[in-house]
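A short worksheet on the structure shown next.
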Amino acid sequence: MEDQTSKPSLLAEVGLWFAATVMMVGVAVMGLHVYTGTEMPAPARDLGHAIVASMLTWTWGSWAALIWSKRRVARTLMGLSVVLPGLVMAVAGFWAFIHMPELIKVWRPGWLVVGAHGVGAAIFSAVMLGQPAMRGRRDEAPDRALRARELAAGWLLYPLLTFGVGAAIAMSVMGWTSLGTISETLTSPARWIAAAMALSVYTTVIPASAAILCRRVARAVRPS
């Protein structure tokens, strides 16, 4: 039978989850603010960038919390939250393709690209959640040292990995801004594909991969 006394309270799990989410989003927004070099209050354009940064990174707190979370209820809620971005992309993309009218200079099949990437992101999230490294074991004995390592990995190693990889990818795709030199026939599809891939990578691939790695690191030194 599962030893409930060995687990932290549900309120503690949810509190840590909320704190991790706030920290991840806050660091992303502040990093963007430092990068743009603007003073508060930010102009509308920079405010828009901050909102986008928040939307792209809010699931990072959920992936971070999955590293240390033990409560089934909390893990279920976190799991639903990390699959949600892909589902939103899929539904919004397919709905927009069917219902939105043709607009000038808008490649309408691009909505299909977004929808397909959303399906892929949702499936990827579900697969990563099912990995042994991310599944809580019901027969796990209490291990304070392991709990401490998981917390350290979630609060210290995870942000370094996610924001580091995120920044590297962001800088590597800056070249997409020069797509204006390519023929318009290729420019529109390329931009839609790049945007859809960026949404999938930032909401799913980066945080999920970092979470898997951090939990493996935390458990690697566990005594047998």
What are the ³J(HN,Hα) couplings of region 83-98, residue after residue, when phi is run through the Karplus curve with 6.51, -1.76, 1.60 and θ = phi - 60°? Round to Hz, x for glycine and proline. 7, 4, x, x, 5, 5, 4, 5, 5, 5, x, 5, 5, 5, 5, 7
Computed accessible area, residue 77, all protein chains, 1.4 angstrom probe, square angstrom: 80
Taking R0 as 22 Å and r as the Cβ-Cβ distance between residue 87 and residue 198, the FRET efficiency 1/(1 + (r/R0)^6), rounded to the nearest 0.05, comes to 0.80
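The values are calculated or read from the model by the stated rules, or taken from the named source; none is laboratory data. This structure is a prediction, so every number in the text was calculated from the model and none was measured. Backbone-built Cβ (ideal geometry, glycine too); neighbour counts: all protein chains shown. Heads up: the accessible areas ignore ligands, DNA and RNA and are worked out on the full protein's heavy atoms, side chains in. Shrake-Rupley method; radii C 1.70, N 1.55, O 1.52, S 1.80 Å.
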